[in-house]
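The values are calculated or read from the model by the stated rules, or taken from the named source; none is laboratory data. For clarity, every value in this text was computed on a predicted model and none was experimentally measured. Reconstructed Cβ throughout: ideal geometry from the backbone, glycine too, with neighbour counts over all protein chains shown.
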Amino acid sequence: MQQLKSVPATGAPEPEGRALSPDELELARLVVTALNLEDLKPDEIDPEAPLYGEGLGLDSIDILEMSLAISKAYGVQLRSDDPDNDKIFRSLRSLSAYVRSRRVK
């Protein structure tokens, strides 16, 4: 298993390197739970590692399951036809930034 990333959305300082921000850690916990990644602890996820292939190693079904969990937890709709999906799902850090910027409070 590999690790995720996410990007700051509001001008908050971005964590350096592998350090997870509180939002990233929350999202990492959701991902680990939703995908049943029993061998991976959320705080061990590299926020800059790719979600696909190398890195966390997720496939398209994993991304779909993760998207559904994010939608339920945060009210953020992630669409398969979004032209920005490569950027959104690049890492846990980029996904977290996207979720933060569109999260229903």
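Tabulated values for the structure
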quantity	calculated
Candidates LEU40, LEU58, LEU51, LEU27 - the one that is among the hydrophobic types (A, V, I, L, M, F, W, C) and at pLDDT 95 or above	LEU27
Subset of region 72-83 [assigned to a helix (DSSP H, G or I) and surrounded by 13 or more Cβ atoms within 10 Å (Cβ to Cβ)]	ALA73, TYR74
Members of region 84-105 that are touching a Leu at 6+ places or on another chain (Cβ under 6 Å) and in a loop (DSSP other than H, G, I, E, B)	PHE89
